[in-house]
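A.B. asks: Got a structure for you, questions after.
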Amino acid sequence: MERKLKLAASLRMDFHRPMKFPIALRGALALLAAAHFTTVSLRAHPAADEMAAAAAKFAATLTAEQKAKALYPDVKAEARQQWHFIPSEMVKFGRKGVTFIELSEEQRKLALALLRTGLSADGYAKATNIMSLEAVLRQIEKPGGKVDRNPIKYFVSIYGTPDPKGTWGWRFEGHHMSLVFTIVDGKAISTSPTFMGTNPAEVREGPRKGVRVLGRDEDRARQLVKSLNAEQSATAIFDKDAPKEIITTGPDGPPAKVSPLTPEGIASAKLTKDQQKQLKGLVEEFAHRIRPDLAKADLAKIEKAGWDKVHFAWAGGTERGQGHYYRVQGPTFLIEYDNTQNEANHVHSVWRDFQGDFGADLLAKHYAESHAK
């Protein structure tokens, strides 16, 4: 217990406040950040290079027992598409990967280095803060609960062989977080599905009072919905009651593939220029969880399909503290956000790609070309 409390304290990383990293990690993360930003312009595919290097370095340190849990021989492994965002004790199919609990301090540094290769600075701050909220939940809930609220109960798994020019994938997952990356021929990278959640959405007491890790996701959307006139609201707000969960999930976990949801809500083309700017800013808030070069590619897909075809839909109350849900979807993507549980203080949010989740479109093209050759 004493060890867990120390680990929980070391992961206290308040969003919008200076983050206090474990002393053992500070130097390593500083070096990582320097390396990340000084080499990008010199390489053709920096994300693929950096991910492969970080994953290979991490994998090389694993024991045989750890490798059996963390490493899968092929990117086509069925386990890669089995994912969930609930506590590990509740995942029916068993969470895949090796946990931070089982890793040494040096291995944890390397796992965080891999995580950093996929996220922006803002996204990394959100991810590590989500992990640290498990310690807050431990204080809120009664002792002896069924769920172990442990800030390092997060899993790393690698599918295939990390190679700068290869086809492989990796995932970082645990309670309220699932980050999936698929690399194809070292040239193209899929970053979805991407899930982040927070409980509490706002810390309301204790030394971290006021922390809202995903606060901007809520505030940007509320600003937009409250700017709508009566006619626009009639189209955008499809229900006075918000659903209790994001719609693209199920009792056995979210599916590997999703389809557009109805009703669609209000089209961007029906918004004023200022409202269109707000909608685009909301989408960018989600996209920029991922590292800038990859986020740029995701946004380019939306641009190509047409921002005028992007829709915004809302359900539930529009005031702070009221249960609410919204989604943003276009021809290529879907964002869902729900905050209804625990008296509207518990967020679930996800980015899905209709054709590219788990790199499905990229892998299909890859295998078709390989077969042709």
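A.B. asks: Given Cβ point charges of +1 (Lys, Arg) and -1 (Asp, Glu) and nothing else, what value in debye, to the nearest 20, does the dipole of the stretch 200-340 about its Cα centre take?
C.D. replies: 400 debye
A.B. asks: For a 20 Å ceiling on Cα separation, which of these pairs sit above it: Lys76/Lys296; Lys126/Lys273; Lys96/Lys165; Lys76/Lys365; Lys96/Lys301?
C.D. replies: Those over the limit are Lys76/Lys296; Lys126/Lys273; Lys96/Lys165; Lys96/Lys301.
A.B. asks: Between Trp170, Trp307, Trp83, which gets the highest mean-square fluctuation from a Gaussian network model of the chain, Cα cutoff 10 Å?
C.D. replies: Largest GNM mean-square fluctuation: Trp307.
A.B. asks: Going from the alpha-carbon gyration tensor of the stretch 262-363, what semi-axes, largest first and in whole Å, does one get by taking the root of 5 times each eigenvalue?
C.D. replies: After diagonalising the Cα gyration tensor, the semi-axes are 24, 17, 13 Å.
A.B. asks: OK, next. What are the ³J(HN,Hα) values, in whole Hz, obtained from phi via the Karplus relation 6.51 cos²θ - 1.76 cosθ + 1.60 with θ = phi - 60°, for each residue of the stretch 258-270 in sequence order, with x given for Gly and Pro?
C.D. replies: Per-residue couplings from phi come out as 10, 10, x, 9, 10, x, 6, x, 9, 6, 4, 4, 9 Hz.
A.B. asks: If you don't mind, another one. With a cap of 12 neighbouring Cβ atoms within 10 Å, and only residues DSSP puts in a loop, list the trypsin sites (Lys or Arg not before Pro) found in the stretch 84-115.
C.D. replies: Hits after loop and neighbour filter: Lys92.
A.B. asks: Which aspartates and glutamates have a Cα less than 18 Å from the Cα of Lys109, not counting those fewer than 8 places away in the same chain?
C.D. replies: Glu50, Glu173
A.B. asks: To continue, here is another question. Could you sort the peptides 347-358, 53-64, 227-238 by per-residue average Cβ neighbour count (10 Å cutoff), highest mean leading?
C.D. replies: Answer by packing, highest mean first, reads 347-358, 53-64, 227-238.
A.B. asks: If you build the Cα gyration tensor of the chain and take the root of 5 times each eigenvalue, what three semi-axes come out, in whole angstrom, biggest first?
C.D. replies: So the three semi-axes of the chain are 31, 27, 19 Å.
A.B. asks: Another question, then. Principal axes first, then extents: for the Cα atoms of the stretch 229-273, list largest minus smallest coordinate on each axis, whole Å, largest first.
C.D. replies: 40, 22, 15
Read the figures in this text as sums done on the coordinates, not as results from a lab. On a predicted model such as this, the values are computed, not experimentally measured, just so you know. Counting neighbours? That spans all protein chains shown, and the Cβs are built from the backbone with ideal geometry, glycine included.
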